[in-house]
Amino acid sequence: MNKSKAKAILSGAMLLGLTASLASVPGLPGSGSGAVYAATSSTSKSSAQQTAALYAKIQAENAAKVVALVNVERKNAGLKPLVVHTNLTKMAKDKAIDMYKNKYFSHTSPKYGSPFDMMDAYKITYLYAGENIAKGQKTPAEVVAAWMDSPGHKANILNPKYTLIGVGYYNGHWVQEFIGK
């Protein structure tokens, strides 16, 4: 292992949020006494918690921005804003995670069934309900623009019967849940 390869391993470990410790590896070319430093890594609990907290913050911010942009569209159409529903938000986030982890893109989950089955499982009551999903958009503005360019998705966003919303985002998977009571 050469010095630049050892540095690359160390740099990669740091970039992954891992703590790196240096250990002397005798007999390999390096400076001083003929030792090179190799990186060994282990994830510290604190680092993992910080990373999880940061990612949760990004998810929540993306969801909040989608709600704000949807409400701008509704205001422009003369409609009342949607109110965030906590349990619907949890469901939307769980659906986004489910799509990512189980590698599918569909309104019907292999685990939960239809959006309406999922709402029932989450004990969400409604008279009217709908779902928008998207994949690959990098920002809340991109995903809302894509939904507004699609007649079916736009109809959900601008449906006057809907009063509550939940938005979930996970690794490029976006989910909006709508209900009216």
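The values are calculated or read from the model by the stated rules, or taken from the named source; none is laboratory data. From a predicted model like this one, the values you see are computed outputs, not experimental measurements. Cβ: placed from backbone, ideal geometry, glycine included. Neighbour counts: every protein chain shown. These accessible areas exclude ligands, DNA and RNA; they are computed on the full protein's heavy atoms, side chains included. Shrake-Rupley method; radii C 1.70, N 1.55, O 1.52, S 1.80 Å.
Within region 63-89, restricting attention to residues that are in contact with a Lys or Arg (Cβ under 9 Å, 6 or more places away or on another chain), in contact (Cβ under 8 Å) with a residue 12 or more places away in the chain and assigned to a loop (DSSP other than H, G, I, E, B), the residue that is least open to solvent (accessible area, probe 1.4 Å) is L82. Only one entry in A60, A92 is of a type in the set (A, V, I, L, M, F, W, C) and free of Cβ contacts under 8 Å to residues at least 12 places away in the same chain, namely A60. Suppose the filter is among the aromatic types (F, W, Y), open to solvent by 60 Å² or more (accessible area, probe 1.4 Å) and touching a residue at least 24 places away in the same chain (Cβ under 8 Å); does Y170 pass it? Considered against the rule, which asks whether it is among the aromatic types (F, W, Y), open to solvent by 60 Å² or more (accessible area, probe 1.4 Å) and touching a residue at least 24 places away in the same chain (Cβ under 8 Å), Y170 comes out as no.
Limited to region 134-146, what total is found for residues that are open to solvent by 20 Å² or more (accessible area, probe 1.4 Å) and not in a loop (DSSP other than H, G, I, E, B)? Final tally of qualifying residues: 5. Any idea which residue in region 90-133 is nearest to T163 (Cα to Cα), counting only those that are open to solvent by 10 Å² or more (accessible area, probe 1.4 Å) and of a type in the set (S, T, N, Q)? It comes out as T125. Give the residue, chosen from I157, I133, I97, I165, that is farther than 20 Å from Q59 by Cβ and aliphatic (A, V, I, L, M). Only one candidate passes the filter, namely I157.
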